[in-house]
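Asker: Starting off with a structure, shown below.
The values are calculated or read from the model by the stated rules, or taken from the named source; none is laboratory data. Treat the numbers as computed from the prediction; the structure is a model and nothing was measured. Ideal geometry is used to build each Cβ from the backbone, glycine not excepted, and the neighbour counts take in all protein chains shown. We work out accessible area using only protein heavy atoms, side chains counted, and drop any ligands, DNA or RNA first. Shrake-Rupley method; radii C 1.70, N 1.55, O 1.52, S 1.80 Å.
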Amino acid sequence: MRTAQLTIDPAFSIGPADRRLFGSFVEHMGRCVYGGIYEPGHPSADSRGLRRDVLDLTRELGVSVVRYPGGNFVSGYRWEDGVGPVGNRPRRLDLAWKTIETNAFGLDEFMTWAAEAGVEPMMAVNLGTRGVQEALDLLEYANHPGGTELSDLRRKHGAEDPYGVRLWCLGNEMDGPWQVGHKTADEYGRVAAEAARAMKMIDPSISLIACGSSNRRMPTFASWEATVLEHTYEHVDYISAHTYYDPSDGDQASILASAVDMDNFITEVVATADHVAAKQRHKRKLKISFDEWNVWYESRLQADLDRRGWVEAPALIEDDFTAVDAVVVGDLLITLLRHADRVGVAAQAQLANVIAPIRTRNGGPAWRQSIFHPFALTARHARGTVLRTDPVSPRYDTKKYGDVPVLDTVAVHDEETGELTVFAVNRDNTDLALDIDLRGLPGLSGYSFQSIAAGSDPSATNTEADPDRVTPRDLPTPTPDGGRCTVRLPAVSWSVLRFGPANA
Ligand code: AHR
């Protein structure tokens with residue numbers, strides 16, 4: 001069996017594991033809203049049409065912040081269509097997803113849902129077909145206490161107190177030619193800077209996110225960030241990053257190394273932001289909002305769109321995630337944690353049905369996809385300070401990313417409880433013996449060792465009929481001896497190892 005080594009030392013601290021790293025995303029796309037979080041008449045729905053089964057799963061998932069209402073959808077959206085008496089709301093064409101939007105669900109319903117789910121709302125404004133004025137109107141409606149037309153309209157609609165939304169995205173993927181209202185970096189940078197400046201006049205407490213690249217493969221990647229930040233650096237708090245990894249070609253070795261790409265992406269965005277900071281003499285370091293990331297069988301999307309005409313809430317990109325996909329998602333979370341000093345917000349796309357950890361059937365049950373589990377366990381146990389682990393690992397070759405390590409890890413130390421959690425991915429097709437040196441944190445004993453192993457059945461999925469086929473399994477809890485222990489990481493697996501004070 002191949003071996004790897006890991007040394008844990010609280011001195012190697014990266015930064016706090018911000019709860020905002022465990023965000024998700026609700027877009028008016030497919031059945032994420034309609035038939036996902038909202039389905040009036042569903043047996044579990046409350047009087048407002050919110051599905052309680054999905055709310056329960058959202059809380060179990062441990063989601064901290066939820067981005068809304070898009071995504072590509074937001075670039076053609078008129079937010080005021082979705083407020084006020086439902087019977088008066090217009091039906092519109094949503095160009096992003098070739099869908100009819102009924103507007104039965106809008107901002108006020110989302111805020112009610114977010115409060116029930118116990119999540120922080122993160123709003124996106126439309127800088128595709130709209131501009132500064134509409135962004136200001138939305139902010140006034142949402143955050144101004146009262147005494148103006150739009151804040152009083154909110155109160156008239158039943159929300160006496162302002163929503164106090166702190167996180168605001170200045171548009172979505174404006175670098176993408178597919179985006180309605182797509183712009184050049186200079187065009188976008190100018191409008192984003194002006195929207196940001198004016199929005200902070202209404203509410204200086206908000207944090208603003210400028211659009212970075214839609215992914216690292218965009219031909220404009222890095223120059224887009226540089227130009228946009230030249231315009232916006234002083235007005236914004238984050239630059240966004242998005243990425244999806246597509247397993248459709250069956251190249252398991254490469255998909256398992258997706259986190260290597262995410263890692264490089266983050267490093268490059270940080271370098272670009274720091275370059276602009278140096279050039280413009282800013283002391284403040286900008287953070288990344290990684291507000292769309294996931295595994296996505298993306299090559300199937302176009303056929304889905306081409307096949308049909310304009311309909312309401314069609315099933316769209318409802319990918320069935322495999323055990324391997326769960327390992328990849330766990331590894332992407334490890335990467336986000338490892339960059340906790342520069343990634344301040346992250347949102348997995350999306351929450352329900354649309355490439356989502358939660359799946360539902362209209363009128364039927366809700367269940368956990370394979371990718372639900374690494375997210376839920378990471379959100380639950382990554383509390384405290386993230387520690388750098390620098391593992392010594394064997395390597396393997398991939399078509400997409402070249403020579404990469406077999407092992408990926410991060411550790412989180414909770415100073416208050418004394419608990420230490422190690423997250424580890426073994427990308428290899430055989431088990432890996434991992435030696436862990438814990439002498440930097442004396443007196444720890446093993447609490448648990450859970451793993452999602454994809455080695456024996458990589459394409460296993462959770463379905464309505466078999467919802468628990470891919471779940472974490474308990475493995476023998478390691479017992480440190482003299483501050484050291486060895487664990488056996490199963491082939492192609494994501495694992496969480498927990499240690500804590502021996503006499504707790
Ligand atoms: O999450 C699905 C879509 O992917 C989003 O609408 C868009 O921002 C991205 O391209």
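Asker: So what are the ³J(HN,Hα) numbers for the stretch 228-239, from phi and the Karplus equation (6.51, -1.76, 1.60; θ = phi - 60°), rounded to whole Hz, Gly and Pro as x?
Answerer: Per-residue couplings from phi come out as 4, 6, 4, 7, 10, 3, 5, 9, 10, 10, 9, 10 Hz.
Asker: Report D for the stretch 353-504 in µm² per second (integer): Stokes-Einstein, Kirkwood Rh on Cα pairs, 25 °C, 0.890 mPa s. Please report the intermediate quantities before stating the final value.
Answerer: Numbers: Rh = 16.8 Å.
Stokes-Einstein gives a translational diffusion coefficient of 146 µm²/s.
Asker: What nm value, rounded to one decimal, do you get for the distance between A226 and A271 when each label is placed 7 Å out toward the C-beta?
Answerer: 1.2
Asker: Next up: Using amide H atoms built 1.01 Å from N in the peptide plane, name the residues 5+ places from L316, or on other chains, whose amide H lies under 5 Å from its own.
Answerer: R31
Asker: Summing +1 for each Lys or Arg and -1 for each Asp or Glu, what net charge is found among the other residues whose Cβ lies under 9 Å from the Cβ of R67? Don't skip to the end; give the middle numbers.
Answerer: Details: positive: none; negative: E27, D291, E292.
Taking every Cβ under 9 Å from that of R67, the sum is -3.
Asker: Let me ask another. Could you point to the residue in P16, T378, Q5 farthest towards the positive end of the chain's charge dipole, with +1 and -1 charges on the Cβ of Lys/Arg and Asp/Glu respectively?
Answerer: Of the candidates, P16 comes out farthest on the positive side.
Asker: Pull up all non-local amide H partners of R2: gap of 5 or more, or a different chain, and H-to-H distance under 5 Å with H placed in the peptide plane.
Answerer: For R2, whose amide H was placed from the backbone, the distant partners under 5 Å are A433.
Asker: Residue-wise, which Karplus ³J(HN,Hα) couplings in Hz belong to the stretch 167-175, taking 6.51 cos²θ - 1.76 cosθ + 1.60, θ = phi - 60°, and x for glycine or proline?
Answerer: Running phi through 6.51 cos²θ - 1.76 cosθ + 1.60 with θ = phi - 60° gives 9, 10, 8, 8, x, 9, 6, 6, 7 Hz.
Asker: Please give the direction-averaged projected area of the C-alpha convex hull for the chain, in square nanometres with one decimal. Could the numbers behind the result be given before it?
Answerer: Numbers: hull surface 93.2 nm².
It is 23.3 nm².
Asker: Where does each of 151-159, 67-75, 237-245 land if you order them by average Cβ count within 10 Å, highest first?
Answerer: 67-75, 237-245, 151-159
Asker: Can you check what the Kirkwood hydrodynamic radius comes to for the stretch 86-241, Cα pairs only, in Å to one decimal?
Answerer: 16.6
Asker: What does the accessible area per residue of the chain come to in Å², with a 1.4 Å probe and no ligands, DNA or RNA counted? Present the calculation step by step, with values, prior to reporting the outcome.
Answerer: Numbers: 18520 Å² over 504 residues.
So the chain comes to 37 Å² accessible per residue, rounded to a whole number.
Asker: Further, regarding this structure: Could you pull the accessible area for S223 with a 1.4 Å probe, rounded to 10 Å²?
Answerer: 70
Asker: For the chain, what is the charge dipole size about the Cα centre, in debye to the nearest 20, if Lys and Arg each add +1 at the Cβ and Asp and Glu each add -1 at the Cβ?
Answerer: Values: 52 positive and 70 negative charges, 70 e Å.
Using Cβ point charges on Lys, Arg, Asp and Glu, the chain gives about 340 debye.
Asker: Follow-up. Using 0.36 nm per residue, how much length does the chain from E60 to W310 gain when fully extended, once their Cα-Cα distance is taken away? Don't jump to the answer; show the numbers that get you there.
Answerer: Working: separation 250, 0.36 × 250 = 90.00 nm, distance 3.47 nm.
Fully extending the segment from E60 to W310 adds 86.5 nm.
Asker: Relative to the first principal axis of the alpha-carbon coordinates of the chain, what is the inclination of helix 52-61, with its axis defined by its Cα atoms, in degrees from 0 to 90 and to the nearest 10?
Answerer: Helix 52-61 sits at roughly 50 degrees to that axis.
Asker: Pop out the carbon and sulfur fraction of the accessible area of the chain as a percent, whole number, probe 1.4 Å.
Answerer: 50
Asker: So in the chain, what percent of DSSP beta bridges are antiparallel if you round to the nearest 5? Kindly include the intermediate steps, with their values, before the conclusion.
Answerer: Working: 52 of 92 bridges.
Expressed as a percentage, antiparallel bridges in the chain total about 55.
Asker: Follow-up question, since we're still on this one. Ranked by accessible surface with a 1.4 Å probe, highest first, in what order do E187, E173 come?
Answerer: If we order E187, E173 from most to least accessible, we get E187, E173.
Asker: Also: Using a Förster distance of 41 angstrom, determine the FRET efficiency expected from the C-beta separation of N429 and L95, and round it to 0.05. Could the numbers behind the result be given before it?
Answerer: Numbers: r = 44 Å, r/R0 = 1.08.
The pair N429/L95 has a calculated efficiency of 0.40.
Asker: Further, regarding this structure: From the Cα trace of the stretch 20-87, what convex hull volume per residue do you get, rounded to a whole Å³?
Answerer: Values: hull volume 7.4 nm³, N = 68.
Per-residue hull volume (Cα only) is 109 Å³.
Asker: Then there is this: Take the Cα pairs of the stretch 51-141, get the Kirkwood Rh, then feed it into Stokes-Einstein at 10 °C and 1.306 mPa s and tell me D in µm²/s. Spell out each step's value before the answer.
Answerer: On the way: Rh = 14.1 Å.
Approximately 112 µm²/s, per Stokes-Einstein.
Asker: Grab the Cα-Cα distance for A278 and S205, subtract it from 0.36 nm times how many residues apart they are, and report the gain in nm with one decimal.
Answerer: Details: separation 73, 0.36 × 73 = 26.28 nm, distance 2.54 nm.
Taking A278 through S205 to full extension adds about 23.7 nm, to one decimal.
Asker: Separate question: Could you list which residues have their amide H under 5 Å from that of H282, counting only those 5 or more apart in sequence or on another chain, with H placed in the peptide plane?
Answerer: Counting only residues 5 or more places away or on other chains, the set is empty.
Asker: Using the Kirkwood formula over every pair of different C-alpha atoms, what hydrodynamic radius in Å results for the stretch 255-307? If you can, show how the numbers build up before the last one.
Answerer: Values: mean 1/r = 0.0717 Å⁻¹.
This gives a value of 13.9 Å.
Asker: In the stretch 342-364, whose amide N lies under 15 Å from the spot 7 Å out along Cα-to-Cβ of R300? List them in ranges.
Answerer: Residues passing the 15 Å test: 350, 353-360.
Asker: Further, regarding this structure: With every protein chain kept in the model, how would you rank K400, K183, K285, K98 by accessible area, 1.4 Å probe, largest at the top? Before the final figure, lay out the partial values.
Answerer: Values: K400 105, K183 35, K285 125, K98 60 Å².
Accessible-area ranking of K400, K183, K285, K98, largest first: K285, K400, K98, K183.
Asker: Counting alpha carbon pairs within less than 8 Å and at least 6 residues apart, what relative contact order, in whole percent, applies to the chain? Mind showing how you got there, number by number?
Answerer: Values: 1209 pairs, mean separation 99.7, N = 504.
The value is 20 percent.
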